[in-house]
Amino acid sequence: MTEPPERKHSDTAPTLAGQIGDKAARKLKARRNPTPGVWFGLGMMGLIGWSVAVPTLLGAALGLWLDKQHPGSHSWTLALLVGGLALGCFNAWHWVAKEERAMREEQEDGDE
């Protein structure tokens, strides 16, 4: 009728040689692709910071110019500053999501 639990477990459990082979393959891959260090993290933070700061400053500069050229009841500087900040945040979010997706795919490839 049903098989004993020991037999089911031994059929699905990987062999010792398979486990050792998988572990060796992971170690070899880790040696070829070292883990990013502190400088990589700092560089990534700097890149994200610039991807937010540049559009924000460009929006503010354009807003100041528009306010001088076309004075009105509303502030172009404030509107374009907020618009540049939103654009920069979206850009940073998109870039970080892309990097995370790439790291996840690389990790999944390593697990197979």
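The values are calculated or read from the model by the stated rules, or taken from the named source; none is laboratory data. Just so you know, these numbers come straight off a predicted model, no measurement behind them. Backbone-built Cβ (ideal geometry, glycine too); neighbour counts: all protein chains shown. Ligands, DNA and RNA are excluded from the accessible area calculation, which covers all protein heavy atoms including side chains. Shrake-Rupley method; radii C 1.70, N 1.55, O 1.52, S 1.80 Å.
Annotation: the range 44-112 has a Kirkwood hydrodynamic radius of 13.7 angstrom, from the mean reciprocal C-alpha pair distance. When the accessible area of the range 22-86 is computed with all protein chains present and a 1.4 Å probe, what percentage of it is carbon and sulfur? Carbon and sulfur atoms account for 73 percent of the accessible area of the range 22-86. Between H94 and W50, the simple spin-label model (points 7 angstrom out along Cα→Cβ) gives 1.8 nm. Here the mean projected area of the convex hull built on the C-alpha positions of the range 20-62 is 4.1 nm².
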